[in-house]
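Each remark here refers to the structure printed beneath this line.
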Amino acid sequence: MARERWEDVVAYYRTYLSLVQSLIKESKTMIIKLEPSQIMEEGVLQELLDKASKRKVSKVKAIAEFNAFFLKEIFHHIFNYIEECKEEFEPMDLKDYIVDFLEEADQTFDIFLTMVEEDKNQQHSSLLFRLFIILEKLLLPQGNSLEEIYNLLIQSAPEWYNAQRYVLQPTTFFREEIGEMVIPGLSPKIYQIINHITSLFNLDPNFLDSDENPDFVIPTIMISDVFEPYIDNIASAEEEAVKRICERMELKVIMNTFIGPTSRFLELAEPHRYISTQTDADGKTRWIPQLSNETLILLYLSRVSFRRGFLSKELINWIAMNFAFIIYNAILHAFMSDDNIFYNLFLDLKTEEKILPYLMKLLCFENYLRLDRTKIRDSPTYRKEIFTFLGKKIEAIDKLTYFLVDEIKKELNDK
Amino acid sequence: MENILTMSLDLWTELVQNFKVGLEKSLELIKERDVENIPGARDQLVRRFEELIRYLPRNEGDLLVKAVDESIQNAFFPRTNDLSEAFSKILASLEQEPDNAYIINELINGFIASKTKSFGSFKEGPVIDRIIEGFKKSKRFRITDYSFYAMFGDPNNPRKTLQAQLEKIADFIGLVVEERVIEHDLARSERKIIKYYTFPPEILEILEGSYLISTEKGEVIISENFDKNVFTSLFLAHYSIQRSTLGKYKINGICNIFALILILSFMPKVSLSEDNPILRDPGFDGDRMSVIPKSWMRKDILAELIQPTIELVAFRIGASKWQEKIEKSDAKKRLHLQSNMLIRDVNKWVLGNLCRVEIPIFVEISNIFQEITVAGTSDLLD
């Protein structure tokens with residue numbers, strides 16, 4: 001797949017936005033020119049629409065078709081609104097409201113157009129970059145070591161843990177070859193297994209002498225216990241891949257029977273009291289696990305963040321989509337009022353599928369997520385993933401969106 | 001008639017007795033080994049088990065009757081034949097107590113996901129979430145199988161697969177189907193049958209006003225609050241009125257969920273010393289959470305407890321008809337064990353301690369027990 005330059009993607013991203021924005025502007029001019037009483041006559045508006053979307057029958061041009069289609073869409077919202085409210089408001093008020101709605105939509109398109117800085121080296125001042133930095137700190141911080149990233153994630157976990165685990169759990173699972181080095185997202189089953197591992201460590205661990213350090217006695221759990229509740233081979237794939245799953249959380253398989261912590265795990269977990277020590281009668285140090293729900297999940301996320309060059313295609317798309325969606329929605333909430341009749345124009349799949357894939361790609365560049373942007377699916381075939389994403393959205397993501405909205409409003413007030 | 005009543009009473013007495021035996025076995029196991037890391041936690045648990053053994057089976061288990069009938073059934077599985085009444089009752093209980101809603105939603109989600117090969121698992125993701133989004137994007141509160149495929153279909157799979165899944169899940173949660181036949185479809189020049197899935201008419205009436213709202217400027221929109229609670233309420237209401245005809249899988253799942261709620265409610269809070277690090281952990285919210293002994297999550301202890309509790313709950317909800325359908329084979333007990341993992345989603349591990357989020361249904365059941373034990377203690381003192 002071709003590796004597109006920043007400028008190319010920016011151009012793609014802006015194309016659709018500017019096309020629709022010009023249609024919004026055009027509609028606004030048309031409505032302003034009308035007398036309030038004409039607003040109430042559907043025939044007049046229909047005539048205006050027909051005139052504006054007139055095109056040659058003999059020659060079909062994509063751009064003319066596109067314009068006609070979206071103009072119809074805009075007018076459709078206007079017709080609906082007039083139909084629903086004609087009893088309630090005076091024509092003058094109705095006209096003013098529609099113009100206000102169009103004005104606000106126009107300004108929002110402006111924000112979307114200007115939030116991306118075209119010059120790749122001037123990113124620090126762009127709105128996209130500023131919003132990205134806030135999100136990145138909470139969900140996928142960058143750092144020089146696994147420890148640094150893990151500490152940062154744990155710091156923000158009390159408030160954002162649900163969002164943090166959410167970015168690890170893609171909703172789609174297309175057939176994909178997962179190589180030895182590749183880190184995939186957490187499927188619901190793996191998530192359940194990790195929780196089960198946490199419980200088993202806390203409840204009733206066995207203790208074994210460490211093979212890495214003869215002075216240590218480490219807690220272990222039996223692999224068979226982890227998979228015991230599964231019947232009918234429901235988790236046989238996971239059972240086979242248990243070694244790889246463990247490695248991603250700094251755990252290891254011992255003698256093909258037990259799961260225990262690596263010495264790296266002990267170093268990482270001890271400062272956060274996820275594991276404590278006790279000295280045995282023979283002078284050996286016994287490590288007692290006292291894991292929290294986030295202990296293993298955030299270790300997995302730290303590894304994802306630290307080794308972001310080795311993520312599966314599914315996970316890359318999922319992370320980028322989360323970032324793109326939260327930023328897109330935050331801007332919408334910040335700059336458009338909830339009762340704007342064109343709100344749905346922005347939330348429409350036809351709009352989202354043309355903006356979000358490019359926003360996702362932009363967010364994968366070096367100044368941003370540093371993910372492999374060639375793996376972003378921008379083909380229309382996969383547009384459905386956007387809906388899949390929406391369907392699974394959880395409260396924590398909404399909370400994060402409103403957190404960004406507050407940040408944007410604060411910034412606007414400061415100006 | 002009298003004979004049937006006596007038989008039922010005998011069965012109930014037997015179930016209460018089995019439950020008592022289960023408690024006693026669990027108590028023995030707790031006394032054998034201490035896995036607690038908080039001083040005094042095991043003693044507290046032992047005391048609680050002794051109390052449970054002493055008080056729960058008293059008066060033909062009237063405390064258990066109260067807990068299951070008045071608390072659990074009233075909130076989540078009302079005894080009525082009217083769908084809209086059951087729906088309104090459950091919805092009200094979920095809306096008024098969002099925490100109750102959270103636990104029941106999590107448990108039902110887990111229940112559906114626990115059987116991976118079943119219809120509930122749609123590419124390993126919860127299909128109910130997608131149906132919610134389908135409804136949100138739809139006009140007039142209904143979705144079609146075609147639009148559902150357009151939204152969520154996998155390009156690698158034929159449309160039929162998804163449509164069949166949707167049909168099964170719609171039936172599972174109690175949506176109604178309307179078919180519309182188009183004699184001559186313009187796109188393909190052939191006959192086309194479109195299936196519309198929507199809520200039963202009596203439920204739609206209840207939803208209008210609260211979930212379909214008109215904005216100040218006159219637009220009619222589907223409320224943001226339209227969420228899982230509506231489906232959970234429909235799912236539970238649907239089954240509560242059809243309780244006499246439910247199949248094995250559903251009966252086992254529902255009883256499992258309620259049994260877990262019951263057991264969790266009876267567990268004591270562990271008192272923590274002021275210097276316990278858990279109190280300073282940002283993940284622990286002292287106002288809403290309490291540490292409970294972790295021993296009861298031990299596999300061997302749960303194995304003794306869960307089966308008799310499920311049977312008790314089954315009898316209270318669907319009498320012997322339900323109780324007979326509870327799976328007792330070893331393989332199926334594993335399924336119960338698997339469902340126990342669900343409970344970890346609604347509780348939290350904080351620094352190696354199991355913390356119960358004090359949601360209203362737990363508090364309510366726990367209070368019933370508390371009243372009796374306090375009264376029992378004062379009886380003894382008298």
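The values are calculated or read from the model by the stated rules, or taken from the named source; none is laboratory data. Because the structure is predicted, anything quoted here is derived from the model rather than measured. FYI the Cβ positions are ideal-geometry reconstructions off the backbone, even for glycines, and counts take in every protein chain you see.
The table that follows gives values for the structure above.
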item: Residues of segment A:74-97 satisfying the condition of being touching a Phe, Trp or Tyr at 6+ places or on another chain (Cβ under 8 Å) and within 18 Å of residue A:22 (Cβ to Cβ); result: A:74, A:77
item: Enumerated strands (runs of 3 or more DSSP E) restricted to segment B:133-227, each holding at least 1 residues that are modelled with pLDDT under 75; result: B:212-214, B:220-222
item: Residue check for residue A:163: small (Gly, Ala, Ser), touching an Asp or Glu at 6+ places or on another chain (Cβ under 9 Å) and in a helix (DSSP H, G or I); result: no
item: Helices (runs of 4 or more DSSP H) contained in segment A:177-265 and holding at least 3 residues at pLDDT below 90 and either within 14 Å of chain B (Cβ to nearest Cβ) or over 29 Å from the mean Cα position of the chain (by Cα) (or both); result: A:188-203, A:223-227, A:236-240
item: Condition broken by residue A:343, with the remaining ones in (1) at pLDDT 95 or above; (2) under 30 Å from residue B:149 (Cβ atoms); (3) among the aromatic types (Phe, Trp, Tyr) satisfied; result: (1)
item: Whichever residue in segment A:279-300 is in a loop (DSSP other than H, G, I, E, B) and more than 10 Å from chain B (Cβ to nearest Cβ) and, among such residues, is surrounded by the fewest Cβ atoms within 10 Å (Cβ to Cβ); result: A:281
item: Scan of segment A:336-355 for residues that are in contact (Cβ under 8 Å) with a residue 24 or more places away in the chain, in a helix (DSSP H, G or I) and either among the aromatic types (Phe, Trp, Tyr) or closer than 19 Å to residue A:314 by Cβ (or both), ordered by number; result: A:346, A:353
item: Qualifying residue in segment A:66-75 (condition: surrounded by fewer than 17 Cβ atoms within 10 Å (Cβ to Cβ) and either within 14 Å of chain B (Cβ to nearest Cβ) or farther than 30 Å from residue A:127 by Cα (or both)); result: yes
item: Index of the failed condition, residue B:44 passing every other in (1) of a type outside the set (Asp, Glu); (2) under 22 Å from the mean Cα position of the chain (by Cα); (3) modelled with pLDDT under 90; result: (2)
item: Members of segment B:246-270 found to be within 18 Å of residue B:318 (Cα to Cα) and among the small types (Gly, Ala, Ser), listed by number; result: B:247, B:253, B:259
item: Segment A:356-372: number of residues that are in contact (Cβ under 8 Å) with a residue 40 or more places away in the chain and more than 14 Å from the chain's Cα centre (by Cα); result: 4
item: Subset of segment B:15-68 [in a helix (DSSP H, G or I) and of a type in the set (S, T, N, Q)]; result: B:17, B:18, B:26, B:44, B:59
item: Residue in segment B:238-247 that is among the small types (Gly, Ala, Ser) and surrounded by fewer than 17 Cβ atoms within 10 Å (Cβ to Cβ) present; result: yes
item: Flag if residue A:84 is among the acidic types (Asp, Glu) and either within 12 Å of another protein chain (Cβ to nearest Cβ) or under 26 Å from residue A:363 (Cα atoms) (or both); result: yes
item: So residue B:56, is it buried (at least 19 other Cβ atoms within 10 Å of the Cβ) and over 22 Å from the mean Cα position of the chain (by Cα); result: yes
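Residue-by-condition table, conditions (1) away from every other protein chain (no Cβ under 14 Å); (2) within 28 Å of residue B:31 (Cβ to Cβ); (3) touching a residue at least 12 places away in the same chain (Cβ under 8 Å); (4) not in a helix (DSSP H, G or I):
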position	(1), (2), (3), (4)
B:271	yes, yes, yes, yes
B:279	no, no, no, no
B:283	no, no, yes, yes
B:286	no, no, no, yes
B:304	yes, yes, yes, no
B:308	yes, yes, yes, no
B:321	yes, no, yes, no
B:324	yes, no, no, no
B:327	no, no, yes, yes
